[in-house]
Amino acid sequence: MAESLSFFQKVNTDFDKAARFTDYPLGLLEQIKICNSSCHFTFPIKRDDGTIQTIHGWRAEHSHHNLPTKGGIRYSTLVNEDEIIALAALMTYKCAIVDVPFGGAKGGIQLDRNQYSESELERITRRYTYELIQKNYIGPGVDVPAPDFGTSETEMAWIFDTYITMAPDKLNAIACVTGKPIEQNGIHGRRGATGRGVVYGLEEACSIEEDMKSLGLTAGLHGKSVVVQGFGNVGYHAAKFLMESDARVTGIIEIDGAIYNPKGLDVEKVAEHRAETGSICGYPDAELIKNPNDGLELACDILVPAALENQLTAANASEVKAAIVAEAANGPTTPTADAILQERGIMVIPDTYLNAGGVTVSYFEWLRNLSHVQLGRLGKRFEDSTQHAMLHAVEKATGYQFSNEERQSIHGADEEDLVNSGLQDTMIRAYQELRETRMAHRSKNDDVDCRTAAFINAIHRIAQSYMQLGIFP
Ligand code: GLU
């Protein structure tokens, strides 16, 4: 029954579960939950072969309690109004959980990008942006898109270029979209940010010995076996950074099959193989699993769904062998599957927390664009010279000579260092808040899982914003 709910209803099921642990007026909870506005655009495009086609696109702004609203734009055949509203709602909660001061939004165009040429995609993206401008669904202080499933820096550059042509305020127009190419005022570290955030979040969760012990695991990521579903931007970067953190990526699942090697896969080599052949299947140093669905049932310590929604369902949740499900995608687990996983003692680290790295670094990009200065630009050289003066003083006092390597590793922070340190701090802090909420409820004998704790924290933060507006007592 619960499996037949729409995606937005599923998000609201999770919300309601958490709302029961708060005592806000029902009207306020209703206001937090509802989607504030959404728009369906249809427009024609002329294909390269001269035929005319109608394109369907949406943008939903789920919550205006903070402005601008923020969220990606996805290109996929699955895009529809309910999906976009559900994803916009998840953005609202995600931003609140990691304390990024945006409301939630999401956009999408219903298409399979492989069926379109580059110039068709450019025309579609520019026309979609024009619709957003006309309906006031874009602007640095209004609503700020970013990449999502099926989009990248290229589309963001087209969106920016279309927007600035029409914008009355050229000075701040650059902050109308994030995830832009570096040369177009993007920020270092944005491309890998969601995947990096997933790893920072997992590192924090796995560092707590008591929690790991109850899952039958040792503390730390070192040596843990991980299966990643999806090898797009999020899945690839999560796998790459997991490998760098000494975890073993034993399986990668893609739409046309999965690959498995219990000793660990070399993520970069898998990416090279895919770039050469168009698929991860056929990668020589692994066993091929023809049915990708079987990949989700592989034995491992951590399963990372990093593809699309509704992947872990009532049909396969009892077959999951992992001790931890780390939700890098948005909405990969249905509420029924979630209940089965909880029942089986599997720890689910929820999407609303774990994949917030993308929007966190988007926030840094937006701030950088509004301040018109690259992060670290003012202090870097000063820090460089004070740190080198310090080295010199240590050498003089101790007689020790630092090697060239040691010398090079000491430098003032550049933009990417600052971005990664801000991201890590955000992920650690939000996890601690989430765990504190769990513990506080546990001491009252309420069994609150991570997802519910994250939602409770989001509800508190959003309710506070409304209260500051003086609307609610
Ligand atoms: N599309 C990403 C997400 O789902 C990032 C959104 C953003 O940066 O605004 O979180």
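Is it the case that some residue within the range 124-138 is aliphatic (A, V, I, L, M), open to solvent by 20 Å² or more (accessible area, probe 1.4 Å), under 23 Å from the mean Cα position of the chain (by Cα) and modelled with pLDDT of 95 or more?
Just the residues of the range 124-138 that are aliphatic (A, V, I, L, M), to begin with: 124, 132-133, 138.
Next cut, open to solvent by 20 Å² or more (accessible area, probe 1.4 Å) only: 133.
Checking which are under 23 Å from the mean Cα position of the chain (by Cα) leaves us with none.
No - not one qualifying residue is present in the range 124-138.
Assess whether LYS380 counts as being within 30 Å of PRO68 (Cβ to Cβ) and either touching an Asp or Glu at 6+ places or on another chain (Cβ under 6 Å) or more than 16 Å from the ligand (Cβ to nearest atom) (or both).
Taking the combined requirement at face value, the residue satisfies it.
Under 6 Å by Cβ, and 6 or more places apart or on different chains, what pairs join a residue from the range 55-73 that is in contact (Cβ under 8 Å) with a residue 60 or more places away in the chain with one that is of a type in the set (Phe, Trp, Tyr) and within 13 Å of the ligand (Cβ to nearest atom)?
ASN66/PHE102; LYS70/PHE102
All but one of (1) out of contact with any Cys (no Cβ under 8 Å at 6 or more places or on another chain); (2) within 30 Å of THR54 (Cβ to Cβ); (3) more than 15 Å from the ligand (Cβ to nearest atom) hold for LEU215; which doesn't?
(2)
I'd like to verify a number: residues in the range 17-54 that are farther than 30 Å from ILE138 by Cα and surrounded by 14 or more Cβ atoms within 10 Å (Cβ to Cβ), how many?
Residues in the range 17-54 being farther than 30 Å from ILE138 by Cα and surrounded by 14 or more Cβ atoms within 10 Å (Cβ to Cβ): 5 in total.
Answer with yes or no whether GLU3 is within 26 Å of the chain's Cα centre (by Cα) and either at pLDDT below 95 or at positive phi (or both).
Yes, satisfied.
Return a yes/no flag: does the range 404-425 have any residue that is free of Cβ contacts under 8 Å to residues at least 12 places away in the same chain, assigned to a loop (DSSP other than H, G, I, E, B), more than 30 Å from the chain's Cα centre (by Cα) and surrounded by fewer than 14 Cβ atoms within 10 Å (Cβ to Cβ).
Scanning the range 404-425, I find no residue that is free of Cβ contacts under 8 Å to residues at least 12 places away in the same chain, assigned to a loop (DSSP other than H, G, I, E, B), more than 30 Å from the chain's Cα centre (by Cα) and surrounded by fewer than 14 Cβ atoms within 10 Å (Cβ to Cβ), so the answer is no.
Considering only the range 257-285, how many residues are open to solvent by 20 Å² or more (accessible area, probe 1.4 Å) and within 17 Å of PRO305 (Cβ to Cβ)?
Going through the range 257-285 one residue at a time, the tally reaches 1.
Can you tell me how many residues in the range 206-246 are under 30 Å from ARG368 (Cα atoms) and either open to solvent by less than 20 Å² (accessible area, probe 1.4 Å) or within 16 Å of the chain's Cα centre (by Cα) (or both)?
Here the count works out to 12.
Within the range 223-231, is even one residue under 27 Å from ILE84 (Cα atoms) and out of contact with any strand residue (DSSP E or B) (no Cβ under 6 Å at 6 or more places or on another chain)?
Keep residues of the range 223-231 that are under 27 Å from ILE84 (Cα atoms), which gives 228-231.
When the remaining residues are screened for being out of contact with any strand residue (DSSP E or B) (no Cβ under 6 Å at 6 or more places or on another chain), the result is 230.
So far as the range 223-231 goes, yes, one or more of its residues are under 27 Å from ILE84 (Cα atoms) and out of contact with any strand residue (DSSP E or B) (no Cβ under 6 Å at 6 or more places or on another chain).
Could you pull out the residue among THR336, THR398, THR352 that is at pLDDT 90 or above, closer than 30 Å to ASN12 by Cα and open to solvent by 30 Å² or more (accessible area, probe 1.4 Å)?
Matching residue, one of THR336, THR398, THR352: THR336.
Out of MET156, MET166, I need the residue that is of a type in the set (A, V, I, L, M, F, W, C) and within 18 Å of the chain's Cα centre (by Cα). Which one?
MET156
Of all residues being among the aromatic types (Phe, Trp, Tyr) and closer than 19 Å to GLN110 by Cβ in the range 147-162, which is farthest from the ligand (Cβ to nearest atom)? Just the residue, please.
Among them, the one singled out is TRP158.
Would you point out which residue out of ASP161, ASP143, ASP148 is acidic (Asp, Glu) and under 18 Å from GLU183 (Cα atoms)?
Values: ASP143 fails: under 18 Å from GLU183 (Cα atoms); ASP148 fails: under 18 Å from GLU183 (Cα atoms).
So the residue among ASP161, ASP143, ASP148 that is acidic (Asp, Glu) and under 18 Å from GLU183 (Cα atoms) is ASP161.
What are the residues in the range 311-328 that are touching a Pro at 6+ places or on another chain (Cβ under 7 Å) and touching a residue at least 40 places away in the same chain (Cβ under 8 Å), if any?
GLN311, ALA328
Of all strands (runs of 3 or more DSSP E) completely enclosed by the range 6-101, which ones contain at least 3 residues that are closer than 25 Å to PRO332 by Cα, under 21 Å from the mean Cα position of the chain (by Cα) and within 12 Å of the ligand (Cβ to nearest atom)?
Per the criteria, 69-76.
The conditions are (1) within 15 Å of the ligand (Cβ to nearest atom); (2) open to solvent by 70 Å² or more (accessible area, probe 1.4 Å); (3) of a type in the set (Asp, Glu), and GLU118 fails exactly one of them. Which is it?
(1)
Quick one: TRP158 ticks every box in (1) crowded, with 21+ Cβ neighbours inside 10 Å; (2) in contact with a helix residue (DSSP H, G or I) (Cβ under 7 Å, 6 or more places away or on another chain) bar one, so which box is it?
Among (1) crowded, with 21+ Cβ neighbours inside 10 Å; (2) in contact with a helix residue (DSSP H, G or I) (Cβ under 7 Å, 6 or more places away or on another chain), TRP158 violates only (1).
Give the residues of the range 302-323 that are among the β-branched types (Val, Ile, Thr), touching a Leu at 6+ places or on another chain (Cβ under 8 Å) and more than 22 Å from ASN233 (Cβ to Cβ), sorted by residue number.
If the condition is that a residue be among the β-branched types (Val, Ile, Thr), touching a Leu at 6+ places or on another chain (Cβ under 8 Å) and more than 22 Å from ASN233 (Cβ to Cβ), then VAL320 is the only one that fits.
The values are calculated or read from the model by the stated rules, or taken from the named source; none is laboratory data. Note that the coordinates shown come from a computational prediction; the quantities given were computed from them, not determined experimentally. All Cβ positions, even for glycine, are placed from backbone atoms using ideal geometry, and neighbour counts span all protein chains on display. Only protein heavy atoms, including side chains, enter the accessible area calculation; ligands, DNA and RNA are left aside. Shrake-Rupley method; radii C 1.70, N 1.55, O 1.52, S 1.80 Å.
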